[in-house]
1. Apply the Karplus curve 6.51 cos²θ - 1.76 cosθ + 1.60, θ = phi - 60°, to the phi angles in region 125-142 and return the couplings in whole Hz, x for Gly and Pro.
2. Could you pull out every one of the lysines with an alpha carbon less than 25 Å from that of Lys31, ignoring same-chain neighbours closer than 8 positions?
3. Which ³J(HN,Hα) values in Hz, rounded to whole numbers, follow from the phi angles of region 20-25 under the Karplus curve 6.51 cos²θ - 1.76 cosθ + 1.60, where θ = phi - 60° and Gly and Pro get x?
4. Long-range amide H contacts for Lys184: which residues qualify at under 5 Å (H placed 1.01 Å from N, peptide plane, sequence gap of 5 or more or a different chain)?
5. With an 8 Å cut-off on Cα pairs and a minimum separation of 6 or more residues, tell me the relative contact order of region 68-182 in percent.
6. Would you pull out the residues with amide H under 5 Å of His103's amide H, same chain only if 5 or more places away, H placed 1.01 Å from N?
7. Scan region 122-192 for trypsin sites (Lys or Arg not before Pro) in coil per DSSP, keeping those whose Cβ has at most 16 other Cβ atoms within 10 Å, and list them by number.
8. Could you compute the net charge surrounding Glu94? Neighbours are other residues with a C-beta less than 14 Å from the C-beta of Glu94; K and R count +1, D and E count -1.
Amino acid sequence: MDGITPLIDGYRRFKATGWDTQLERWETLAKGQSPKIMIIACSDSRVDPATIFDVAPGQTFVVRNVAALVPPYETGGGFHGVSSAVEFAVTQLEVTDVLVLGHASCGGCKAALSRTFEGSEHGKGAFIDSWISMLAETRDDVIADMGTSDDAVREMEHRAVGVSLDNLRTFPFVQERLDDGRLKLHGAWFGIAEGDLLVRDPETGAFNPA
Ligand SMILES: [Zn+2]
């Protein structure tokens, strides 16, 4: 075994303790999943939603990517990973809530703010640059308001959650369910250092302690 040895060791612990003690739960889940909450979070290793929210398998449908972004609704070619997950969660699972979770020290948000990968070749940051270009307009607004200070990075992390929420509303099947009350959208931000969870006020866009 090599670099994944810690994972195999962890699996054995899970199988011996976590799994064996909840056979009924796994039997039910084997027949199908019906999570009612979708979470869109960053790929960052410090922001594991299952750990932060203390949820078990079957409870949340999760997508993670660089900076927890949802692209706008687009029907053109290409492989729409996030859009397909949103479509599946919203129209097939009929989740009742979608949470976009930003976080402290988000490398994607920082790169958007500092234009780290602008003009990069593929293999050196071009994919990242293209992905976080979703934040370009917001980045310009944040820099106009606050420059590129540490506070600006935090503001970028908060406003990026708002961008994803706005983009979710561009999906017709999302807007339809928001209109008739079947679906609600939420934003939050987590900081690992203090263990703080801030929840986004949908009216003001401000983030307040949970
Ligand atoms: Zn991040």
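Values quoted throughout were computed directly from the atomic coordinates according to the rules given, and no laboratory measurement underlies them. Since the structure is predicted, the reported quantities are computational estimates derived from the model, not experimental observations. Here Cβ is always computed from backbone atoms with ideal geometry, including for glycine, and neighbour counts include all displayed protein chains.
1. For region 125-142, the Karplus-derived couplings read x, 5, 5, 5, 4, 5, 5, 7, 5, 4, 9, 4, 5, 5, 4, 4, 5, 5 Hz, x marking Gly and Pro.
2. Partners found: Lys15.
3. 4, 8, 10, 4, 5, 4
4. Answer set, sorted by chain and number: Asp97, Val98.
5. Result for region 68-182 is 39 percent.
6. Here the answer is Phe190, since their amide H atoms fall under 5 Å of that of His103.
7. When the trypsin sites (Lys or Arg not before Pro) of region 122-192 are filtered for loop state and at most 16 Cβ neighbours within 10 Å, Lys124, Arg182 remain.
8. Once positives and negatives cancel, what remains is 0.
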